[in-house]
1. Determine which single condition Arg364 fails, assuming it passes every other condition in (1) surrounded by fewer than 13 Cβ atoms within 10 Å (Cβ to Cβ); (2) within 25 Å of the chain's Cα centre (by Cα).
2. Counting only residues that are free of Cβ contacts under 8 Å to residues at least 12 places away in the same chain and in a helix (DSSP H, G or I), which one in the range 340-377 is nearest to Ser218 (Cα to Cα)?
3. If Thr555 meets every condition in (1) surrounded by 15 or more Cβ atoms within 10 Å (Cβ to Cβ); (2) in a loop (DSSP other than H, G, I, E, B) apart from one, which number is that one?
4. Kindly indicate whether any position in the range 428-441 is surrounded by fewer than 22 Cβ atoms within 10 Å (Cβ to Cβ), out of contact with any Leu (no Cβ under 9 Å at 6 or more places or on another chain) and in the same structural domain as Ala343 (by TED's automatic domain parsing).
5. Are any residues in the range 300-314 free of Cβ contacts under 8 Å to residues at least 60 places away in the same chain and assigned to a strand (DSSP E or B), and if so, which ones?
6. Given the criterion over 21 Å from Gln648 (Cα atoms) and at pLDDT below 80, identify the matching residue among Met611, Met552.
7. Just one of (1) farther than 30 Å from Leu649 by Cα; (2) of a type in the set (Val, Ile, Thr); (3) modelled with pLDDT of 90 or more trips up Thr562, so point out which.
8. Evaluate the range 110-118: report whether one residue or more is more than 17 Å from His27 (Cβ to Cβ), in a helix (DSSP H, G or I) and touching a Ser or Thr at 6+ places or on another chain (Cβ under 9 Å).
Amino acid sequence: MPGSGTLLSARTQGWLLAAVTLVVLPHLPRLPWWITLLAVGVGLFKLLLLRRSRRQPPRLLLALLTLAAAAVVFFSFGTLLGKQAGVALLIVMLALKLLELHTARDARLLVYLGYFVVITNFLFTQTIPIALYMFVATVIITAALSTITHSSEERPVGNHLRLAAVLLAQALPIMLVLFVFFPRVAGPLWGLPKDAYAGMTGLGDSMTPGAISSLAQSGATAFRVEFFGPAPEPALRYWRGPVLWHTDGRTWSPGRIASYSRKLPETVQNRGEAVRYAVTLEGHDKPWLLALDLPAQISRRALYTVDFQWLSYRPVRERIRYEATSWPRYHTGPLDPQLRKAALQLPQQVSPRVQALARDWRARTDSDRGVVQQALDHFHTQPFVYTLQPPLLGEDPVDDFLFGTRRGFCEHYAAAFVVLMRSAGIPARVVTGYQGGEYNPVGDYWLVRQADAHAWAEVWLPDDGWLRVDPTAAVAPERIEHALDLDLQAAGAPARFRLAESGLLVRGWRRLQFAADAVNNHWNQWVLAYGPQRQLELLAALGFKQPSWREMALTLLLLTGTCLLGIALWMLLRIPRPSDPVVQAWQRFCQRLERLGVRRAPSEGPLDLAMRATAAHPELAPQVRTITDLYIRLRYGRSLQDSREVQQLQQRVRHFPQRAG
């Protein structure tokens with residue numbers, strides 16, 4: 001093994017450059033431009049130095065560059081800690097370390113940093129492609145470590161790659177055992193910096209014109225749902241999220257409604273068949289747990305609000321899975337006076353035209369339900385347009401939308417409808433969440449994307465309690481049945497929907513997308529979301545019924561030991577054993593001499609060994625000389641081996657004494 005001060009060959013440095021490039025490559029698009037430029041420039045400069053056999057830059061210059069780069073990272077991010085800044089600093093250090101790569105010690109430090117950077121890639125994405133890519137990068141890094149340990153000039157490239165692959169393959173069984181049986185705890189073992197969750201998308205805790213339409217232009221997955229039975233019809237697939245009570249005329253927020261419990265109020269009555277399902281929710285850095293309207297039970301410890309929403313005790317920052325039961329048809333019972341007051345709150349100034357429209361509807365009927373129907377008829381008969389890219393609104397968004405642009409997304413219709421209802425004296429509120437979802441026939445589950453984000457209204461009627469009313473359906477009923485087509489939207493134009501697909505190529509492409517998402521879903525369920533609940537389910541399937549920590553620890557030790565023993569036996573069986581009977585006889589003879597105190601040196605020939613053996617044991621000199629002469633004649637003679645002489649050698653070795661005296 002080369003010492004720490006051993007100089008590295010150009011070939012070994014080329015290996016290390018290739019390994020570092022593979023590890024850093026996925027980070028480059030997400031880094032600031034100057035770090036990307038620095039990393040690429042350093043890599044090309046290092047390659048130039050290797051090709052021209054130039055000396056490395058002075059260490060003083062490298063130290064100054066390191067300090068300057070660290071200072072620029074600090075001023076770019078305002079810190080040297082956190083996900084973004086920490087990874088940027090690490091890549092800068094890794095790139096500059098390439099320039100001082102000179103000895104085996106530098107190379108080993110570079111390799112260890114490379115292993116660490118492999119892990120940092122999973123802070124940004126944990127998909128199957130990036131996992132496979134990082135596995136290949138790990139093989140290359142390990143092969144680079146092999147070139148440091150063994151002279152790369154003596155071994156071909158394939159040998160280093162083969163050794164790295166074998167090492168990782170030997171570690172794979174132990175990794176699987178630890179993954180499956182190591183006791184899982186609820187939540188992470190350590191906390192991540194706040195910026196680790198900066199890229200998460202999802203519903204916010206407030207709503208302004210354009211908020212949901214911006215979110216709905218994302219095709220990212222919000223959650224996946226598996227129904228334990230038939231799925232509800234599209235008109236009932238409303239996934240309840242934040243409920244908004246207070247408005248200042250432009251922004252809607254939950255207000256000061258802060259009453260919690262851990263179960264559905266007894267006043268709520270089920271008026272249909274309950275629906276059971278399992279949700280795999282993506283991290284969104286908010287506490288709400290999306291559930292089918294109206295959620296009744298959930299398998300996680302959570303708080304239940306007075307407006308029928310499940311809230312996690314902590315923000316959902318990682319993918320989680322839970323089972324829930326909902327009542328698609330329900331009656332919520334009487335309305336608390338405090339909630340009635342909140343549900344009638346209006347901005348300080350409501351435009352006269354909005355108030356006049358609400359009074360006109362109220363004058364036409366004494367029934368609250370009649371007012372609601374007139375509002376829906378108004379949206380349906382007047383030239384309103386449902387568009388994903390509505391025009392900007394003025395200082396009074398509701399008035400400007402109702403009597404001006406008349407083009408809006410779901411949040412415009414929900415907000416305007418609730419203001420109109422409250423102006424008519426009907427308790428109402430805005431509910432945000434998701435509507436619909438797309439069925440994946442390959443995985444047999446429903447996929448709900450951010451593009452399915454939606455806002456609707458709820459009004460309180462004496463005979464029905466809280467009743468869901470979706471004014472968007474009065475303008476664009478296709479929204480309830482079909483998902484938005486994100487590729488066919490134009491500013492101000494009516495929204496386009498993904499209708500029935502025709503054509504063999506289109507159907508084939510969609511089938512391929514469903515298959516890829518199904519594979520990704522299994523990866524999410526059994527790898528990324530493998531927590532305490534999933535572990536218990538898998539262990540139960542393997543025959544472990546509610547195992548204790550002691551049982552799991554013993555099982556873990558037993559299986560790990562078995563894996564290590566199996567690897568050791570496999571390595572022993574692969575040790576090449578001599579097949580030549582002459583060589584085998586000579587090795588047995590050497591073993592017997594060793595028991596007599598005469599140990600053969602690795603480079604010692606048979607004649608020298610025989611001389612030492614006869615000097616140590618003169619009484620055995622004739623036997624030693626006979627065996628040695630036979631071995632030399634059979635092993636190094638020019639003629640073919642005589643089978644009788646081979647048998648004679650084996651017989652004399654067999655009768656050679658194994659101990660003195």
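1. The single condition Arg364 does not satisfy is (2).
2. Step one: filter the range 340-377 for residues free of Cβ contacts under 8 Å to residues at least 12 places away in the same chain, giving 341, 352, 356, 360, 363-367, 370, 373.
Those still in the list that are in a helix (DSSP H, G or I) too: 341, 352, 356, 360, 363-364, 370, 373.
Working: Lys341: 36, Pro352: 37, Ala356: 38, Asp360: 40, Ala363: 43, Arg364: 42, Gly370: 37, Gln373: 33 Å.
So the residue we want is Gln373.
3. Evaluating Thr555 over (1) surrounded by 15 or more Cβ atoms within 10 Å (Cβ to Cβ); (2) in a loop (DSSP other than H, G, I, E, B) leaves (2) as the failure.
4. Of all residues in the range 428-441, those surrounded by fewer than 22 Cβ atoms within 10 Å (Cβ to Cβ) come to 436-441.
Remaining after also requiring out of contact with any Leu (no Cβ under 9 Å at 6 or more places or on another chain): 436, 441.
Among the residues that remain, those that are also in the same structural domain as Ala343 (by TED's automatic domain parsing) are: 436, 441.
Yes: one or more hits.
5. Hits for the range 300-314 are Ala302, Leu303, Tyr304, Trp310, Leu311, Ser312.
6. On the way: Met611 fails: at pLDDT below 80.
Answer to the check: Met552.
7. The number of the failed condition is (3).
8. Looking for residues that are more than 17 Å from His27 (Cβ to Cβ), in a helix (DSSP H, G or I) and touching a Ser or Thr at 6+ places or on another chain (Cβ under 9 Å), one finds at least one in the range 110-118, hence yes.
The values are calculated or read from the model by the stated rules, or taken from the named source; none is laboratory data. Quick caveat, the model's predicted, so the values are computed rather than measured. Ideal geometry is used to build each Cβ from the backbone, glycine not excepted, and the neighbour counts take in all protein chains shown.
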